[in-house]
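Please read the structure below before turning to the comments.
The values are calculated or read from the model by the stated rules, or taken from the named source; none is laboratory data. The structure displayed is predicted, hence computed values, not measured ones. Counting neighbours? That spans all protein chains shown, and the Cβs are built from the backbone with ideal geometry, glycine included.
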Amino acid sequence: MKVEIDSFSGYRIYPSKGKLFVRGDSKVFRFNSSKTQSLFLQRKNPRKIAWTQVYRRMHKKGITEEVAKKRSRRTVKHQRGIVGADLASIVAKRNQTAAVRAQARQAAISKAKTEKRDKEAKKPKTAPRSNVASGPKMSKQQMKGKGGR
């Protein structure tokens, strides 16, 4: 038994029932009743008529079996080391307390200061420069030869 589908409503049309309509461009439309044929010929949109199958499909009506919720994939967090620091050292730094971190910072600062002091001490002392310029004062433009005369 071949069951056709209504072109407008989406209902089933059993053998020996319904109407067949062939448009000028040879497209075939099948209708279950004169009601669906009339609405089709009035150019009504089946998506806006509440009892049609197209409307029910669009507005998700009567789909109780397929209620299984779509599961979204959880993002898995991975921890990796970066260039210059392996994962173990990163985790160790993260688990440090603020006091330990501040102490390490102070130690690094004091070490840098002592190194700078030692470097300054090793430098040979030069005679302090006098404030008197060797020649007349000139601007940079005058030195380049672009003086405003």
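Does Arg71 satisfy being more than 17 Å from Asp6 (Cα to Cα), loosely packed, with under 10 Cβ neighbours inside 10 Å and free of Cβ contacts under 8 Å to residues at least 12 places away in the same chain? When the stated conditions are applied, Arg71 passes them. For the stretch 31-48, a residue qualifies if it is part of a helix (DSSP H, G or I) and without any contact (Cβ under 8 Å) to a residue 24 or more places away in the chain, and the qualifying residues are Ser34, Lys35, Ser38, Leu41, Arg47, Lys48.
Tell me, please, whether a residue that is in contact with a helix residue (DSSP H, G or I) (Cβ under 9 Å, 6 or more places away or on another chain), more than 26 Å from Lys2 (Cα to Cα) and surrounded by 12 or more Cβ atoms within 10 Å (Cβ to Cβ) can be found in the stretch 53-63. Within the stretch 53-63, one or more residues are in contact with a helix residue (DSSP H, G or I) (Cβ under 9 Å, 6 or more places away or on another chain), more than 26 Å from Lys2 (Cα to Cα) and surrounded by 12 or more Cβ atoms within 10 Å (Cβ to Cβ). Residues in the stretch 1-27 that are of a type in the set (A, V, I, L, M, F, W, C) and farther than 24 Å from Lys48 by Cβ: 4 in all.
Considering the conditions (1) touching a Ser or Thr at 6+ places or on another chain (Cβ under 7 Å); (2) not in a helix (DSSP H, G or I), Lys70 is excluded by exactly one of them, (1).
Counting only residues that are closer than 26 Å to Gly81 by Cβ, modelled with pLDDT under 85 and surrounded by 10 or more Cβ atoms within 10 Å (Cβ to Cβ), the stretch 93-149 holds 2 of them.
With respect to (1) over 22 Å from Met1 (Cα atoms); (2) within 46 Å of the chain's Cα centre (by Cα); (3) not hydroxyl-bearing (Ser, Thr, Tyr), the lone exception for Arg12 is condition (1). Output the residues belonging to the stretch 1-28 that are free of Cβ contacts under 8 Å to residues at least 24 places away in the same chain and among the acidic types (Asp, Glu). Within the stretch 1-28, Asp25 is the sole residue that qualifies. When Gly62, Gly81 are checked against the criterion of being at pLDDT below 95 and over 29 Å from the mean Cα position of the chain (by Cα), a single residue qualifies: Gly62.
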